[in-house]
Structure formats: structure tokens, C-alpha cells
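The values are calculated or read from the model by the stated rules, or taken from the named source; none is laboratory data. Being a predicted model, the structure only gives us computed values, none of them experimental. Glycine also receives a Cβ, built like all others from the backbone with ideal geometry; neighbour counts cover every protein chain displayed.
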Amino acid sequence: MKNILLPTDFSKNSINAISYAIEFLKGEKCQFYILNVQKTSSFITDDMMVVNSSTTIYKTLINAAEKSIRNIISTINEEFDTSGHEFHSIVNYDNFIHAINQTCENHDIDLIVMGTKGASSLEKVLFGSNTVKVMQRCIKPVLAIPNECSFKNVDHLAFATTNSKLFKIEELEVLKEIMIMNSSSLQIFHLVDQYHLVYDADGNIDFFNKHFSQPRHEYIDTTKEDMFNVVHDYIESNNIDMLAIMNKKHSFLERLFTTHLVERFAFKIDIPLLVMQLSQ
């Protein structure tokens, strides 16, 4: 991993994700692109009243965002060992997802790291809507960092799959890199529910055994309604430090973010979630 995208809205959870990324990639040579995306709804009446007549509201908003990013970079350099790290500021005035994908293409981004709001029994919200959209629609892998999640070495990494297709190594390259960086063990749990047969399970077992070091395989019979509890229990009982999944239509990811199911189970992921994208 060399080029890392760090979207921020300057909220506490987005700053926490940036801090996590810096520690996570400590000692690695990286180009960090800190991106803020502005939108029309950011304008409020008070802003309009204080703008100098010779300055456009657009320029004022962009300048303020750029200053905020410079402050973030300054704080990072003061608080962390940033050897081998370079930081770049990007402020975009665009649709959020389009801005993310455009930045990924322009700067050959390898990984997007962004914060989440987590879930609570009160809020019944798994992640912030922007994070969900990035996971579902963006072209690069996403590492979602829950609010207040502090960095720790990824000793135990789990990959959840329904084996609805055979994988390719280029789709899971970021997973392999993270394992090498952290000397992680890999635990694969093969989820079987009423919507997915395990017809590609044997092929995927051979795939993982070939490309990854000593992966551990486990089959879990579950139902759509109980999947969240099953995954949560697995994470807890196996001391999992990071969960990885693959994004595809009608996948585990899609069911993970089905609002009514989240509300019913109040499922809470309090470890980083790596979402990788299928190649076309």
C-alpha cells in the first residue's frame, strides 16, 4: 500500500480514523491524501453575511476547509512518527461518491480509510451513511474504523464469505499486505445460509491455502435472520482484531447494512472492517 485516501468531514470519528491510519501504516512509505468534500448545503445564512463582497462564498468555504486540513496535518506531525509519510490536501466541491472515485483514479489510491459512527442500542445505526455508500459504490478497498477504536496490532484477521464465487488474488491483495505487515493469522469462516450454496467452497479453500500462510477454515450454518449474531459471536470468541469481507450484489455486505435487520439485532462492530471490491 502506497497511496492512502483519508476522507474527512472534520468530525471526531473521521479524525480518529486518520490517527488510526497513521499508526496502522507506521514505518511504511505512504502518500496520504486528506480529502474534504463540500456541498451546497454547507452554506448557511451566517456564512453569507460575513463574506467580503469581493470574495465568493465558494472560495471562502474552500479556504476554510484547506486551513482545517493543514491543521490536521500539523497535529499529525506533532503527535506521531511520520517517517516515510507525505501528506496532501484535497478539497472538492462535488457529489461525495464521485469525488471519492475521482480522487482514487487521479492519485492511484490503494486503500480508503474512513471513520464510522458505530452502532448503539439507542441509535440503531450501524455506520454513517457516507461510509456505507463508499463501501458499496467505490472502486477501491475501504477500511472502516469504528468511533473510538484505537489502533492495535492486527494479530487475528477474519475473512467472512458465503462462497458465491471463486476469488482472484488481485481482489484480496490488500488483505495479504495487511497480514504481512502485522504477521496476522487468517481465520476464514464460510457462512452458509438459505440464499447461498457453498458450491465454490472447495475451490476457495484451495485458493486460500495456496496464497495465504496457514489459513484456518471454519464452516458456520446460519440463517439470514441470525447472521449478525453469528458473526458477532465469532468475533468475540476468537479475539478477532479485524473483519474482512468482499462486496458484491446480494452479498454479506448488503445484508449487513439492511436497515431493518440492524434495527432488529442492534449489531455492533467495534473492530475495523475491511471491505474489498470484486474485479469486473
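Table for the structure above
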| read-out | value |
| --- | --- |
| Answer residue from region 132-149, given it is in a helix (DSSP H, G or I) and of a type outside the set (D, E, K, R) and is nearest to LEU6 (Cα to Cα) among those | VAL134 |
| Filtered residue count, region 180-206, keeping only those that are hydrophobic (A, V, I, L, M, F, W, C) and at pLDDT below 80 | 5 |
| Selection from region 207-241 of residues that are in a loop (DSSP other than H, G, I, E, B) and either farther than 11 Å from ALA158 by Cα or not β-branched (Val, Ile, Thr) (or both) | PHE212, SER213, GLN214, PRO215, THR222, THR223, LYS224, GLU225, ASP226, ASN238, ASN239, ASP241 |
| Helices (runs of 4 or more DSSP H) fully within region 39-125 counting 2 or more residues that are modelled with pLDDT under 90 and exposed (fewer than 15 other Cβ atoms within 10 Å of the Cβ) | 45-50, 57-79 |
| Filter result (at pLDDT 90 or above and out of contact with any helix residue (DSSP H, G or I) (no Cβ under 9 Å at 6 or more places or on another chain)) within region 210-220 | ARG216 |
